[in-house]
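The values are calculated or read from the model by the stated rules, or taken from the named source; none is laboratory data. Since we're looking at a predicted model, the values are computed, not measured. Cβ atoms come from the backbone with ideal geometry, glycine included; neighbour counts cover every protein chain shown.
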Amino acid sequence: MPARSRGAFAAQQRDIAALAHRLHDIAQARFDTGDIPQLEVLQAELEMSRADADVEVAQQEQRVAGSKLSAMLNEPADTDWEPVPVL
């Protein structure tokens, strides 16, 4: 996956995690009112944890891609690469 795509992928994973957190909050509120069983809250917690882990993986992949780019271009390892939008 190109480095530019990795940044977009990491942002997308953050959006997915935010939705998972929101769904968990909704499930918890519904459980608190007695509308759904606790199992659904636990499933929402599991999905929330998976989404958070996916965000961490995507961010790490983005850092690795930046480091590889720096190495290929003989730049310092901590160079902050900003993707340029496609015209």
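The residue that is nearest to the chain's Cα centre (by Cα), counting only those in the range 68-79 that are at pLDDT 85 or above and among the charged types (D, E, K, R), is LYS68.
Whenever a residue of the range 47-70 is touching a residue at least 40 places away in the same chain (Cβ under 8 Å), its partners that are among the basic types (Lys, Arg), lying with C-beta atoms within less than 7 angstrom and at least six residues away or across chains, give the pairs VAL55/ARG14; GLU61/ARG6; GLN62/ARG6; ALA65/ARG6. Of all the listed residues (ALA51, ALA71, ALA58, ALA77), the sole one being farther than 22 Å from GLN12 by Cβ, small (Gly, Ala, Ser) and assigned to a helix (DSSP H, G or I) is ALA71. Taken together, ARG22, ARG63 contain a single residue that is farther than 19 Å from SER5 by Cα, of a type in the set (D, E, K, R) and in a helix (DSSP H, G or I), which is ARG22.
Between ALA17, ALA65, ALA58, which is in contact with a helix residue (DSSP H, G or I) (Cβ under 9 Å, 6 or more places away or on another chain) and modelled with pLDDT of 95 or more?
Numbers: ALA65 fails: modelled with pLDDT of 95 or more; ALA58 fails: modelled with pLDDT of 95 or more.
Answer to the selection: ALA17.
Looking only at the range 72-86, decide whether some residue is of a type in the set (Gly, Ala, Ser) and surrounded by 11 or more Cβ atoms within 10 Å (Cβ to Cβ).
Of all residues in the range 72-86, those of a type in the set (Gly, Ala, Ser) come to 77.
Subset that is surrounded by 11 or more Cβ atoms within 10 Å (Cβ to Cβ): none.
Taking every residue of the range 72-86 in turn, none turns out to be of a type in the set (Gly, Ala, Ser) and surrounded by 11 or more Cβ atoms within 10 Å (Cβ to Cβ).
Only residues that are in contact with a Phe, Trp or Tyr (Cβ under 9 Å, 6 or more places away or on another chain) and either modelled with pLDDT under 95 or hydroxyl-bearing (Ser, Thr, Tyr) (or both) were counted across the range 20-47, and they come to 0. Residues in the range 38-59 that are surrounded by fewer than 12 Cβ atoms within 10 Å (Cβ to Cβ) and not aliphatic (A, V, I, L, M): GLN38 alone.
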